[in-house]
1. Kindly provide the helix-only [θ] at 222 nm of the chain, computed as the sum of -39,500 (n - 2.57) over DSSP H runs of four or more divided by all residues, to the nearest 500 deg cm²/dmol?
2. I need the P(r) histogram for the stretch 2-135: all alpha carbon pairs, bin width 10 Å from 0 out to the longest distance, whole percents.
3. Given Cβ point charges of +1 (Lys, Arg) and -1 (Asp, Glu) and nothing else, what value in debye, to the nearest 20, does the dipole of the chain about its Cα centre take?
4. Which one of Pro108, Pro55, Leu73 is farthest out on the positive end of the charge dipole of the stretch 35-136, using unit charges on Cβ (Lys, Arg +1; Asp, Glu -1) and the Cα centre as origin?
5. Pop the C-beta distance of Asp113 and Tyr4 into the FRET formula with R0 = 35 Å and round what comes out to the nearest 0.05.
6. Out of residues 5 or more away from Phe66 or on other chains, whose amide H comes under 5 Å of its own, with H placed 1.01 Å from N in the peptide plane?
7. How far is helix 45-59 tilted off the main Cα axis of the chain, in degrees rounded to 10, range 0 to 90?
8. Just how large is the dipole of the stretch 1-66 about the Cα centre, in debye to the nearest 20, putting +1 at every Lys and Arg Cβ and -1 at every Asp and Glu Cβ?
Amino acid sequence: AIGYDARGVAAHVGALRRFIKVGAVDLLVAELGLYAVRPDLEGLGIPHLMRVMYPVLQELDVPFGFGTVRHALRQHIARLLGRHGLATIVSGVRVRSTLRDVHLDTPPTRIEDVLIVVLPIGRSMSDWPTGTIIDRNGP
C-alpha cells in the first residue's frame, strides 16, 4: 500500500489482505509489515506513517490492520502508536504460522509469543474477537 501527501509518495507499508482466525472467529485483516517513509519524513516516525497510510488501508475494506512485534519493542510501539490512538497492543495471545521450509522430522508450524498490534480500520477495537491464539493460516 502506498500513501501520498502533497509532495507525492510519502510512505509505503506491506499489506496482505487475508483471513486469520482469532480464537474461533475467522477475521479479515490487512496484515502489515515492511514499512518505509520518504527521507524528508523520517523524523516524523511511525505515527505519521500510519496517518498517511490510513486512507489507503480503508480502501482495502478491512475491519482491522494487524501486525506482530517482539516484546522488546512494546514501549517503543506503545509510545509511537498507542498514545496517538492509532493502534492497540494486545498481549497474552500466541500466533501460529506455517514454516517456510517443511521437513519430515519437524512440525510444519511454529507458535510465537509476540505482541499483537491492532489498528481499527473499518470497525472499532471493541469488535476485535477474544482468543488466546491467532492462526495466520486462515480458516
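Bear in mind these aren't lab numbers, they're just calculated from the coordinates by the rules spelled out. Predicted, not measured: the structure shown is a model, and the values here were computed from it. Cβ sites come from the backbone with ideal geometry, for glycine too, and all protein chains shown count toward neighbours.
1. Working: 2 runs with 19 residues, N = 139.
For the chain, the value works out to -4000 deg cm²/dmol.
2. Cα pair-distance distribution for the stretch 2-135, in percent: 12, 40, 34, 12, 2, 0.
3. Details: 16 positive and 13 negative charges, 51 e Å.
Magnitude of the dipole: close to 240 debye.
4. Positive-most Cα among the choices belongs to Leu73.
5. With R0 = 35 Å, the Cβ-Cβ based efficiency is 0.45.
6. Excluding prolines and chain starts, which carry no amide H, the hits are Ala30, Glu31, Leu32, Leu119.
7. Compared with the principal axis, the helix lies near 80 degrees.
8. Here the stretch 1-66 has a charge dipole of around 60 debye.
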